[in-house]
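Scroll down for the structure; my scribbles are underneath it.
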Amino acid sequence: MRDTNGPLPDTAFWRAYGGRFAGLPSWPGFDAFWARLAASGGAWYVFDPAGDAPPAPSPDFAAALAEARACVEQVRSRGFCGAVFADDLETPGFVKVFDPYRMGGVCGGSGERVMPRWIFSRIAPDALPLLPATPARKGLLARLVG
């Protein structure tokens, strides 16, 4: 399991992740942005922070975009989007896409870091560290005996 609450690694990718982002609260804004993202061309890394970092840009960026869009659009009936954040809304280079049903306290109110479901990035990602193994708990008899 990846450590989503520990300090983020000090790499170019994670510094960019922690940078300034603009949200897309409206559905018309989401639609316009998504069209720009789809037409952006070039190499994009598609990264799920819960897994391993991809070694190369995605060979099927369009399929990853379609999957992320379908996830976000599950809540299209709501009056707002609020699940997509980009470093630049006109010419994005780093995009965070959250699962709208697993966003929790993205703003930090819960004290737990909520990671995006997808990160689309022009920068090669680095995986989060694995959580350390939890020591086995000894039962009462084992603690008494020794």
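Laboratory data are not the source of any read-out in this text; all were calculated from the coordinates shown. Please read these numbers as outputs of a predicted model, since none were measured by experiment. Cβ atoms come from the backbone with ideal geometry, glycine included; neighbour counts cover every protein chain shown.
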Reduced Cα scattering model of region 29-81, Debye log10 I(q)/I(0), q = 0.16, 0.18, 0.28 Å⁻¹: -0.56, -0.69, -1.18
Highest-first arrangement of 51-62, 68-79, where packing means the average Cβ count within 10 Å: 68-79, 51-62
Span per principal axis, largest first, for the Cα atoms of region 1-104 (Å): 36, 32, 24
